[in-house]
Amino acid sequence: MFGQSCIEKWLKGQGGKCPQCNAKAKRQDIRVLYAKSLKAVDTTERDQALKELEREREVRKRIEMEAAQNRLQCQSKATTSGAFSESQVSMSQQNRSQLAGQFMLDKTIKIWEAGNCRVMSYSGSLATLVVSQPSSSPLFPGFGVKKISAMDFKTAQYLTIHSKPIRDVCFHPFTDDGVLLSCGLDKTIKMTSIISNAVNGRVLEFDIRNTGTHVQQLNTEGNRSVVSLQYVPKDQQGAFRPGGLLVGQQDRVSFYEKKQDEQFRLHMLPLEGILTSLCFEPTTRHILASFRPTAKHPTIRHQMCELVSRSFSTDPTVIDNICSCNIIHTFHSSRSHTMLSKTKIFPHPADENRLLACAGEESSNAVHVWDTSTGQLKQQLHTGGIVVDLCSINVNQQTYLAALTSKL
């Protein structure tokens, strides 16, 4: 309910949208209401109370984060002091293997006997690994995540989030606040606090002045099947400076450079094949792109590339970049590829200037680990099942590699 003259002005200036719900509206839709008296309500106290409530929520969130980190530190000290005398030999073996870039099997964790586990992500501040799985209770159907503590690698709570299978999960790469972003085949994206187990609901980006449609769609070219999205932050000191979004589709890999006017400029990367996975390593700004076998390339290929850019402008004050990539190594695997599995590239445990590339190998139910400085296959880690996701974890100066199969 608004004043009639205000509604008429609004409809003229906002392209025929309802000021309350943004539905299409015209002057004929105005309904005149008659009242004996109207009273203006002073909402100052309510607005102030809402502001104070929001401040209290922020304070509580900060306290919960501090408490979780304190518990983590206490557990770390207790674990270290209680087990030090018994594990000196084991730790020395682990340290030697870490320096050599070798992984030793530490533990196998059963997640869900019926299988269908798919993706995982790790929160360093909470020392918690989350793994997607179906609900174990017929009374509460759906799909959610199981928590695993990185202090003792024991499973903890299960939390239902989506009504259909979860396709990907991720914690914020820079602000580790315990909020998990997830997307599912129920066509929703949700944010969930792993600390309070509260699902915050769908997150969609719109211009609130016109919510009839989304602001823009980037991947309008080629196959609409998006395999991976990777955010690339700007780095003014790096060899590759631009920031933007890497979009991996089945038939192409694109880099959408973020311009100063909030627009994106499309650069097609010279990579060929049917893409199955795309990983970006932020420190060295390298990417690892994995491709299915084809008639031209009969084996699975994992290509490690460096992002490059050069300016075509002769004016040093004008930035006119052409972004591309150079293939540094191509790692070949088997001919078998039935699962859309993820591959990972991350720093060597003993040398952050070197990288390790890891990928599941279906024919042998193993994880292959390559040293990208030499291009050599360093290890084959047998998992007993087809690996669908990989995650690197750092806890108490130890580097772990988590490999997820359907059940373990």
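Q98 meets all of the listed conditions (1) in a helix (DSSP H, G or I); (2) modelled with pLDDT of 70 or more; (3) in contact with a strand residue (DSSP E or B) (Cβ under 8 Å, 6 or more places away or on another chain) but one, namely (2). The set of residues from region 286-300 being open to solvent by 10 Å² or more (accessible area, probe 1.4 Å) and either at positive phi or part of a strand (DSSP E or B) (or both) comprises just one member, H286. Looking only at residues in region 325-373 that are under 20 Å from L105 (Cβ atoms), aliphatic (A, V, I, L, M) and out of contact with any Cys (no Cβ under 8 Å at 6 or more places or on another chain), the one that is surrounded by the fewest Cβ atoms within 10 Å (Cβ to Cβ) is A350.
The set of residues in region 134-152 being among the hydrophobic types (A, V, I, L, M, F, W, C) and within 18 Å of A68 (Cβ to Cβ) consists of V145, I148, A150, M151.
Residues are listed down the side, and each one gets a yes or a no for (1) over 29 Å from C74 (Cβ atoms); (2) touching a His at 6+ places or on another chain (Cβ under 8 Å):
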{"residue": "D152", "(1), (2)": "no, no"}
{"residue": "Y158", "(1), (2)": "no, no"}
{"residue": "D168", "(1), (2)": "yes, no"}
{"residue": "D186", "(1), (2)": "yes, yes"}
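Looking only at region 247-270, residues that are within 17 Å of H337 (Cβ to Cβ) and of a type in the set (A, V, I, L, M) come to 0 in all. Taken over region 127-148, the residue count meeting the criterion of being touching a residue at least 24 places away in the same chain (Cβ under 8 Å) and closer than 24 Å to T343 by Cα is 13.
The values are calculated or read from the model by the stated rules, or taken from the named source; none is laboratory data. Note that the coordinates shown come from a computational prediction; the quantities given were computed from them, not determined experimentally. Cβ sites come from the backbone with ideal geometry, for glycine too, and all protein chains shown count toward neighbours. Side chains are part of the model used for accessible areas, which takes the heavy atoms of the whole protein and leaves out ligands, DNA and RNA. Shrake-Rupley method; radii C 1.70, N 1.55, O 1.52, S 1.80 Å.
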